[in-house]
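Engineer: My questions all concern the structure below.
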Amino acid sequence: MSNILYPALLHLQDGTYYKGWSFFQLSLQSGEIVFNTGMTGYQEILSDPSYSGQMVVFTYPEIGNTGLNRLDNESNFIHVRALIAKNISSLSSNWRSEISLKDYIILKRIPHIFGLDTRSLTKHLRVFGVMNAIISNSIANINLINFSFNSPDQLDLVRKLTSKSTYRLNQKLFKNVNNEFFTHFNNPNNTKVLKTYKILVIDFGLKFNILRKLLSLGCQIYIVPATFNYQKILKYKPDGILLSNGPGNPLSIVSSICTVKKMVEFANIPIFGICMGHQVLSLAFGAKTFKLKFGHRGLNHPSGDNNCSQITSQNHGFAVDYDSLLDNQLLPTLSVQQLNLNDLTVSSLIHNNCPFFSVQYHPEASPGPHDAEHLFQKFIRLIDIVQLKNTR
């Protein structure tokens, strides 16, 4: 691969700019600039659909040391608009590495800039909030004041990324695709699978690792588009429904919110919401969401209550408004199980009378903390309880 470097510029919407380098000539790219505080996980971040439309600043000073491999992708595509780093390692050292990050960036033509002061950039975003930005080798002739940015907040990114049709997964099918799956994803705590449940996953931009966790518990999985309506869901007669993660503003998927609202009102089917799924479920209950100043993106967010805290992986720019739970008198129906202990935003909700619960963080995190991995087992246990009651 070429060792030629090209001078590059990152220009923020407020006029601030940073100089750096790129491995190839860049076409002009724009997007919302956000930062992730994880010390690792760059491969998962690049392929995570939740980052669609966003340029990601890696706060860890050097990334790429462990290379990339075929097994750790969270989807089949690159979703970030650009990669922004202090240093990108040209070499990788890991027994699972198949290609260096530098070579992967060049091979996939991923927009990027490195060699800039990411500490200064991150502090700027913490003070002024996330904003739009442009990355290019030359933006001398561009008037940023009149530049037309496509803000992810106004786009229906879910409709763009959701699966176009329904598909099915079970352990046998997945094992044919990924022979190393059961080496890396054994049943948590050696849980014995007593029954195979049919789980319907509504795809808002889901990560592969959610599917891996469900498969490790012996589930038969049907992945359906976010556009699925109430009647189509019932035709599958699912034992449980999982609302996946996804990008953008949850208010942009009104039809999905209406569908979930019908599910919670008329169907006694256990529902588990993750990240975007948590927000959609909350909106279906009548809560409100709001945009965070600079979001939660990292592997070390404490979530809990006065008695217990878990370290969680988080990646979201919106959150559930706690005051809306009070204003709409939802707290007698819903319980706030956990708060983000950094800023006291809602991290987890559970319905007091029906089999519905959700979390703002990622219990399927990989890499990242495994503190919340047990929630998948609780989801299966909840299905057990509901089915036991239905047979009485």
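Engineer: For the stretch 66-75, take each phi angle, set θ = phi - 60°, evaluate the Karplus expression 6.51 cos²θ - 1.76 cosθ + 1.60, and give the result in whole Hz per residue in order, putting x for glycine and proline.
Structural biologist: Once rounded to whole Hz, the list reads 9, x, 9, 9, 7, 8, 9, 5, 9, 6.
Engineer: How much of the DSSP bridge set in the chain is antiparallel, in percent, rounded to the nearest 5?
Structural biologist: Here the share of antiparallel DSSP bridges comes out near 60 percent.
Engineer: Relative to the longest principal axis of the C-alpha atoms of the chain, give the angle of the C-alpha long axis of helix 118-128, reported between 0 and 90° and rounded to the nearest 10°.
Structural biologist: 60
Engineer: Along the charge dipole of the chain, which of Ile88, Thr118, Gly368 sits closest to the positive end, that is, farthest toward it, with unit charges on the beta carbon of Lys, Arg, Asp and Glu (+1, +1, -1, -1)?
Structural biologist: Projecting each Cα onto the dipole axis, the largest value belongs to Gly368.
Engineer: Considering only DSSP beta bridges whose two residues both sit in the stretch 157-391, what percent are antiparallel, to the nearest 5?
Structural biologist: 60
Engineer: To continue, here is another question. With percent of Cα pairs over 34 Å apart in mind, check (i) 29; (ii) 35; (iii) 44 and report the label derived from this structure.
Structural biologist: (i)
Engineer: Treating only the Cβ atoms of Lys and Arg (+1) and Asp and Glu (-1) as charged, compute the dipole magnitude of the chain about its Cα centre; round to the nearest 20 debye.
Structural biologist: Dipole magnitude for the chain comes out near 1080 debye.
Engineer: Determine the gain in length on full extension of the stretch Lys19-Tyr236; use 0.36 nm per residue of separation and subtract their C-alpha separation, reporting nm with one decimal.
Structural biologist: Working it through step by step, the gained length comes to 72.8 nm.
Engineer: Express in nm, to one decimal, how much length is gained between His370 and Gln154 on full extension, taking 0.36 nm for each residue of separation and deducting their alpha carbon distance.
Structural biologist: Gain on extension, His370 to Gln154, equals 74.4 nm.
Engineer: On a full-extension model of 0.36 nm per residue, what is the gain between Ile4 and Lys293, subtracting their alpha-carbon distance, rounded to one decimal in nm?
Structural biologist: 100.3 nm
Engineer: Once you keep just the Cα pairs under 8 angstrom separated by 6 or more residues, what percentage relative contact order results for the stretch 6-150?
Structural biologist: Over the stretch 6-150, the number comes to 33 percent.
Engineer: Could you work out Rg/(2.2 N^0.38 Å) for the stretch 6-150, with Rg from alpha carbons only?
Structural biologist: Normalised Cα radius of gyration, the stretch 6-150: 1.00.
Engineer: What Rg and what Dmax come out for the stretch 227-331 when only alpha-carbon atoms are used, in angstroms?
Structural biologist: Cα-based Rg and Dmax for the stretch 227-331 come out at 14.8, 43 Å.
Engineer: May I pose another question? What are the trypsin sites (Lys or Arg not before Pro) within the stretch 39-138 that DSSP puts in a loop, where the Cβ has at most 11 other Cβ atoms within 10 Å?
Structural biologist: Those satisfying the criteria are Arg70.
Engineer: Taking a cut-off of 22 Å between Cα atoms, list the lysines near Lys213, but don't count ones fewer than 8 places away on the same chain.
Structural biologist: Lys172, Lys175, Lys192, Lys195, Lys198, Lys237, Lys378
Engineer: Of Val80, Val280, Val264, which has the largest mean-square fluctuation in a 10 Å C-alpha GNM of the chain?
Structural biologist: Result: Val264 has the largest fluctuation of those listed.
Engineer: Can you tell me what share of the DSSP beta bridges in the stretch 6-150 is antiparallel? A percent to the nearest 5 is fine.
Structural biologist: Counting only bridges with both partners in the stretch 6-150, antiparallel ones make up about 55 percent.
Engineer: Another question about this same structure. Rg/Rh for the stretch 93-136 to two decimals, with Rh computed the Kirkwood way over all alpha-carbon pairs.
Structural biologist: Rg/Rh: 1.11.
Engineer: Cross-link candidates for Lys86: which aspartates and glutamates have Cα within less than 20 Å, leaving aside residues fewer than 8 places away along the same chain?
Structural biologist: Cα-Cα hits under 20 Å: Glu32, Glu44, Glu62, Asp103, Asp117.
Engineer: Across bins of 5 angstrom width beginning at 0, how are the C-alpha pair distances of the stretch 157-391 distributed, in whole percent?
Structural biologist: Histogramming the stretch 157-391 at 5 Å steps yields 1, 6, 15, 19, 21, 18, 12, 5, 1, 0, 0 percent.
Engineer: Can you list the residues of the stretch 280-317 with backbone N under 17 Å from a point 7 Å past the Cα of Thr333, pointing along Cα to Cβ?
Structural biologist: 280-289
Engineer: Among the chymotrypsin sites (Phe, Trp or Tyr not before Pro) in the stretch 76-145, which ones are in a DSSP loop with at most 16 other Cβ atoms within 10 Å of the Cβ? Mind listing them?
Structural biologist: Here the chymotrypsin sites (Phe, Trp or Tyr not before Pro) that fit, given the DSSP loop and packing criteria, are Phe77, Trp95.
Engineer: Report the residue, chosen from Asn315, Asn209, Asn150, that carries the largest GNM mean-square fluctuation when the chain is represented by alpha-carbon nodes joined by springs under 10 Å.
Structural biologist: Asn150
Values quoted throughout were computed directly from the atomic coordinates according to the rules given, and no laboratory measurement underlies them. Not measured: the values here are computed from a predicted model. FYI the Cβ positions are ideal-geometry reconstructions off the backbone, even for glycines, and counts take in every protein chain you see.
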